[in-house]
Structure formats: C-alpha cells, structure tokens
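Working notes, structure below.
The values are calculated or read from the model by the stated rules, or taken from the named source; none is laboratory data. Predicted model, so just to flag it, every value in this text is computed and none were measured. Don't worry about glycine lacking a Cβ; one is built from the backbone with ideal geometry, like all the others, and counts go over all protein chains shown.
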Amino acid sequence: MDTPAASNIPEYGVSDLAGAIRRTLEGAFGRVRVRGEITEMKRYPSGHIYLSLKDADAKIEAVIWKSAVRNLGTLPENGVEMIATGRISTYADRSKYQLVIERLEYAGEGALLARIEALRKRLLAEGLFEEARKRPLPRLPAVIGVVTSEKGAVIQDIRTTIARRFPRRILLWPVMVQGQGAAEQVAAAIRGFDAIAPGGLVPRPDVLIVARGGGSLEDLMAFNEEIVVRAAAACSIPLISAVGHETDTTLIDFAADRRAPTPTAAAELAVPARVELQAALAQTGARLAQAAAGALNAARLRLLRAERGLPDVPARIAQSRQRLDDIGERLPRALASLLAARRQALAALRVPHPREGILARRAAVQALALRLGAAWGRQRDAWASSPALARFSPAPVLALVRQRRAVLEGLSARLDSASYQSVLARGFALVRDAEGHAVTAAARVAPGQPLRLTFADGEVRAHAEGAPPRRKGQAPGQGSLL
C-alpha cells in the first residue's frame, strides 16, 4: 500500500482556522465606518439587533449588541441610509463575517436630522415640551380652526370626518405646507387664530388642527422649524398636530396639546361621535331611571321593615318582667353552683410543702457536689499524667505555700489568743455541771452537786461542799426563792 506523500501545508482544526480568520480580520481592519442602506433589521427579545447594510453591489451583515444599543446615537430603520461605526468580526458557527456596530449616524439626511435633534434638545431645555403646559381638548367645540393647504385631500378628510361624526363650523386658514416660506405661513396662521377676540365678527375657534399629508423629511421640514414650534407652544387655543403619516414625527408634535397620527384621526379627536353621545346619553338616562327606581324601592322596603319591626310595648314589658322573675329564681342556685365549682377547682390544686422543695434542692446540690468531686478528680489525674506538669518547676508553688503557711500561722496565733485555752494555760479553770454547761456563778452551785473542772492539761471531776454564799440584801436564815 502506498504511503501518502509528506506535505508542508499546515493542518488546522475547524475552530483553529475560524479563530485565525477572526484574528486576521480584526487585526487588519480594527474600527471601520461603513455606509449603506439598512435592511433586514430585526430586534430580538434578548435586546440584540440584527441587520444588514447594502449598497448597489454588495451586502454585509451586522449586529448591535444589547449593551451598545443605548450608545448608538440613533436607532436603525429599514430603508434609511446610515453610516455605521464598528469593527469587523466573524461568526464561526455559520462561517461568515459581520460588522459589530457601536454607533450609527444618518447619511445624506444626517446633517438635517442632527439640526432637528439639536433644536429639539434646546426647546426641551426651555420647557416648551413639558406636559404641564398642555391643555385638555374641549368636549364639544362649536368652532374648529384648521391650518393646512386649501388644496388636497387633507381638508376634505377633516370636513368629511367632522360632518359624519358631529357637524361643526370649520374655519380654514390656507397656508403652504412645504417649500420656501411655508414655516412662516403656518406660524402666522396659528398666531392669527389665537389673536381672534371672542364675540367678534369672526368666531374664535375652540380647537385648532394643524395638518398635512405624508412626505419625506424635507417635505415635512416646515413643521420642524423653530418659528412654528414656538407659535404652537404659545397658542392659548388647544392645538392638535396631525402632520404626516403615523410613523412621521415632527417637532410640532411635541409642542402640541395632542398629536394625531393622521388628519382623519385629528378630526376624530376634535369632535365626538354624535351617535356615540346619543347612545351614552340614553344609557345614562336609563341608568339614572333604574337607580331612582331602585332607591325608591329600597326606601319602601325599609319603611315596611320598620313598620313590621315596631315593638308591642305591653308584650315587651310582660316578657321582660317574666325574664326578670326567671333570672331572680335562678340566681341563688347559680351562686351556689359557682361556689361549689370554685371549691372543687381549689381542692384539685395541690400546693407542695416547702420541705419537699428543700429536699429536692438539697438533692440537686448533693448531685452537683458529686459531679464537682468527680470532675476535680479527673482534672487532677489529667494534670498528674500531663507531660507539661512533669516539666513544671515547683519553686513558685513552694514559695506560695510558704507564704500561705505564714498567713495561716498568724491567723492561728490570733485565734489562740482569743481562745479560752490560753486562759486555762495561765492557771484558770473552766467549771461545768454534769451536763457540760458552764457554771459562771457560785449561787448556781448546790451542795454536793457534781462538777467538772477543766484545766489546761486535762479535766477533773469534783463535788461542791457547804452552802452557797448569801446574796447581797438577803437576811440570815432566809432561803432563796430561786
């Protein structure tokens, strides 16, 4: 069998090759700026955004991680040409390369959008877009002012919708909605409607609608101008903005009191549906009638219950008297039963004798003493068998013993000096009767009474002779009554 020829081509594993390609791409390009049209954009529940950038000849897939979305500067939209800043990387599972986007900018319209965004931030800082400035719309306006072009479908849609829902008087202020001078005309129309005095020849509108159809960003720029936004914010008449389609957003939308996605929706916001009002009124009337009938019926039932509940006073007095007699008859028996029950409960109680508690405590103390002696014996044996005790020097202990012995001898000498033994050593004797009680007076000794004389070196027994001496003040021959 032929052996394969040796080759100098290096051999890679699949993951090794994928890693080498990734390092090569990231090292060769680093951070790049790619211009193209956004397409196939999808935002997943994880928060990551996947999209593609394409031009006339090529397409590159891209990803925006969830952590980078907040720092993009602007969110991507399908069909919009943008400039993406990021780095080239690979997705080894599908053997493809992709652009990891870190920032997005508009291309072409980028400068225009940047200008709009700067103006929006400035007006926002001034407080023109605060919710506290916005006024509620009237429930049923008598006059509706419309600022839009007199030609086109916008005014026709507004007229048709208002006539269908609830016919109201409409005042049209025709203006240009795009091109040179359109912003000035729109702002002048808003200020003109706001300047109409109430009660004049021209009726003052109760609500304003500023509207136009959809278009590109350049077509809607008249409603992004500062003069129009400030006029809408300063208008004292409640204002509805209906510029472009539902996805279009202009700066007048932020300053208006309400924003409608379309001119037709603005007309629906301005006036309620007459049929719905009639149905609501009918329903409210029916509910009021039903509530009134329910209240009357409830009051009638309460009166009937109160009538049935009025008491029969003589019967009530008789019943109370009978109940009182019954209770008076049962009361002595109840007291006797209560006393018997309490006596039985007390008899069942057993109060232990204090002697039992003393014996129990004494037994506990003896048990603790036994445990203490056993513990001390075990500890002494442990100390005796401990190697550390064998190495312990006895000199400090002997010194302590000598010191305690000297203290003990001093205390013994003091005790001996206070003892009657030292008195006996000086020649005195202790006289006691046969029962061992000390005899401290001669008058207490009867003739022939046995005595016990205790000396320092021993004890001698003796008997008393003769009569006891007379007491002071006792007459001769008179015995003692004691």
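Values as computed for the structure displayed
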quantity: Strands (runs of 3 or more DSSP E) wholly inside segment 1-106 containing at least 1 residues that are modelled with pLDDT under 75 and not charged (D, E, K, R); calculated: 96-106
quantity: Matching residues, segment 195-228, being closer than 21 Å to Thr264 by Cα, among the charged types (D, E, K, R) and surrounded by 19 or more Cβ atoms within 10 Å (Cβ to Cβ); calculated: Asp206, Arg212
quantity: Of the criteria (1) in a loop (DSSP other than H, G, I, E, B); (2) closer than 21 Å to Arg258 by Cα, which one Thr161 fails; calculated: (1)
quantity: Test: residue in segment 243-256 that is more than 45 Å from the chain's Cα centre (by Cα) and in a helix (DSSP H, G or I); calculated: no
quantity: Flag if Gly181 is of a type in the set (Gly, Ala, Ser) and within 24 Å of Phe166 (Cα to Cα); calculated: no
quantity: Residue list for segment 231-260, filter: at pLDDT 90 or above and more than 20 Å from Pro205 (Cβ to Cβ); calculated: Leu251, Phe254
quantity: Qualifying residue in segment 134-144 (condition: of a type in the set (Val, Ile, Thr) and touching an Asp or Glu at 6+ places or on another chain (Cβ under 8 Å)); calculated: yes
quantity: Restricting segment 152-194 to residues that are surrounded by 20 or more Cβ atoms within 10 Å (Cβ to Cβ) and small (Gly, Ala, Ser), the residue that is farthest from Arg230 (Cα to Cα); calculated: Ala182
quantity: Pairs, first without any contact (Cβ under 8 Å) to a residue 24 or more places away in the chain in segment 124-138, second part of a loop (DSSP other than H, G, I, E, B) and surrounded by 10 or more Cβ atoms within 10 Å (Cβ to Cβ), C-beta under 8 Å, six or more apart; calculated: none
quantity: Which listed residue is β-branched (Val, Ile, Thr), under 28 Å from Pro272 (Cβ atoms) and touching a residue at least 60 places away in the same chain (Cβ under 8 Å), from Ile162, Ile196; calculated: Ile162
quantity: Counted residues, segment 5-52 - those being among the aliphatic types (A, V, I, L, M) and under 14 Å from Leu75 (Cα atoms); calculated: 4
quantity: Search result, residues across segment 422-442 that are surrounded by 12 or more Cβ atoms within 10 Å (Cβ to Cβ) and polar (S, T, N, Q); calculated: Ser422
